[in-house]
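My questions will all concern the structure given below.
The values are calculated or read from the model by the stated rules, or taken from the named source; none is laboratory data. Note that this is a predicted model, so its numbers are computed, not measured. Neighbour counts run over all protein chains shown; Cβ positions are idealised from the backbone, glycine included. These accessible areas exclude ligands, DNA and RNA; they are computed on the full protein's heavy atoms, side chains included. Shrake-Rupley method; radii C 1.70, N 1.55, O 1.52, S 1.80 Å.
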Amino acid sequence: MTLWIAAALLTVGAVMLLLVPLVRRHGAGRDRADYDLRVYEDQLAEVGRDLSRGLIDQTQAGAARTEISRRILALSTPDGAPAPPHSGGRALALALAVLVPVAALAIYLPSGRPDLPGQPFAQRDSTDRADRQEMVAAAEALRRQIDAAPADPVAWVELAGRFQALGRAREAADAYARAVGLTGGDPLLTGLYAEALVEAGNGMVTEQARLAFDAVLAALPGDPRARYYLALGRAQAGDDLGALAQWQALAADSPADASWQPVVRQQIVRTAERLGLDPAAQLPEPRPARAASGADRAGLGAAAAMTDDEGAAMVRGMVDGLADRLEREPDDLEGWLRLADSYQVLDEPDRAADAMARAAALAPEDSGVLTAYSDALLQTTAGQTLSADFMAVMERLLELDGDNIKALWFLGVRALADSRPRDAEALWQRLLAQLEPGTPEYDAVRDRLDSLTPVEGG
């Protein structure tokens, strides 16, 4: 009975959510205007931030502020009285109040299973939450490293990527902006910055994004990403004809197998339909596929296509630049740590371990650096025999901290492999004292100790 009472209450709540918009429609226009005003105020603040970073000059800032101010003034234009409620709204509301519960019951009764137990929410999403918390912790740790050495564009690019993966587009845009400033306005990074601004604006091409895309085109004429978003900005401003022409030009200039072709052609179709034109007649013939025409690809500008290979080449160039600088400035501890992290992102564990070795040599008393070095060395073994370098790091960690869990475990493993079970037992007993009884780690160590019991001597 309790289930059916709860179901009835939920049904009433759902119906009320449907009824309220039908019987009371006043104030929607004002709410939208208030939202738009807040967006434009944020854009004005963003102009100031970009000006202070040197991303735009005074002329561009003035133009942006003028355009945003024009849009703000447009919000104050009287729209007339609110539209009266639809004459059939109340009748529809009453019909829904009756039909929704009846329809729900008719669907549920033949196939519903009220006897099934519920699944705890924590079990459903605990893994997702743990993964996200790990991503957040990694991003914040990288941010703290950057605060200590903020002049490395590679680190800012990596941080921006991590923020984007977390859905924190505004912070990603800020990180890209720092990388742009440090590289003297690199056009590829400027494009990433502008795209992050669009994402932060919920798909709107803001004035700051438009200025950034203009800068990309000035350096890389034909850049498809900049051309696409500049056309999108025109469409959002109400200039469908201008947007259509720009998308048509982009589709015609691009190879047939370009990854952006489907999106561009879809925009052409939608825009043509809005203008009352025949979509098929508006679709231009693309250039031959890039596999058949390398010249066509070059015509879009160096690295402008931003394929996976080209994006990887951009990252590779920045990482190689950092490695070259560190060879000239080998005492930069944060630089070596960042280089190791970059190699890990590129899935090059051997190079990551080499960079961490340089960092560990600069910080032999830092257990955090040594632990990171040991992690990098572990990735190079792929489950094979632990290296002498790794075991040397374990010994050093145990010297710095006699209760280091990782060192106690692996030194015990080596002792057992060297036929020294009593030494292994002593190390693992010390390890067991650091663990909480009942945890999987505690039980695993306890099992290993129990397996040593029959062994005598050693």
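Rounded, prolate or oblate: which one fits the stretch 167-219, using the alpha carbon gyration tensor with axes a ≥ b ≥ c (rounded when a/c is under 1.5, else prolate when a/b beats b/c, else oblate)?
Verdict is oblate for the stretch 167-219.
Over the stretch 343-432, with the other protein chains present, what is the accessible area per residue in square angstrom, probe 1.4 angstrom?
Result: 50 Å² per residue.
How much of the accessible area of the stretch 361-428, in percent, comes from carbon and sulfur atoms when a 1.4 Å probe is used?
Carbon-and-sulfur percentage of accessible area, whole number: 51.
Over what distance in Å are the Cα centres of the stretch 147-193 and the stretch 237-266 separated?
If you average the Cα positions of each part, the centres end up 28 Å apart.
If each residue of separation counts as 0.36 nm, what is the full-extension length gain between ASP350 and ASP450 once their alpha-carbon separation is subtracted?
Full extension from ASP350 to ASP450 adds 32.3 nm.
Over the stretch 125-232, what is the relative contact order in whole percent, taking alpha-carbon pairs under 8 Å and six or more residues apart?
Once normalised by length, the contact order is 18 percent.
Test of understanding: what is the full-extension gain from ALA148 to ASP443, defined as 0.36 nm times their sequence separation minus their Cα-Cα distance?
Residue separation times 0.36 nm, minus the Cα-Cα distance, leaves 102.2 nm.
Amide H to amide H under 5 Å from ARG287: which residues, 5+ apart in sequence or cross-chain, H placed 1.01 Å off N in plane?
SER254, ALA256
Evaluate the Debye formula for the stretch 321-441 with equal point scatterers sitting on the alpha carbons, no solvent, and hand back log10 of I(q)/I(0) at q = 0.11, 0.17, 0.21 Å⁻¹, in q order, two decimals.
-0.43, -0.87, -1.14
What is the spin-label model distance, in nm, from GLU436 to GLU327 if the labels are put 7 Å beyond Cα along the C-beta direction?
4.9 nm
I'd like the FRET efficiency for ALA361 and SER259, computed as 1/(1 + (r/R0)^6) with the beta carbon distance as r and R0 of 60 Å, rounded to 0.05.
With R0 = 60 Å, the Cβ-Cβ based efficiency is 0.85.
According to the square roots a ≥ b ≥ c of the eigenvalues of the Cα gyration tensor, what is the shape class of the stretch 138-291, taking rounded for a/c under 1.5, prolate for a/b larger than b/c otherwise, and oblate for the remainder?
prolate
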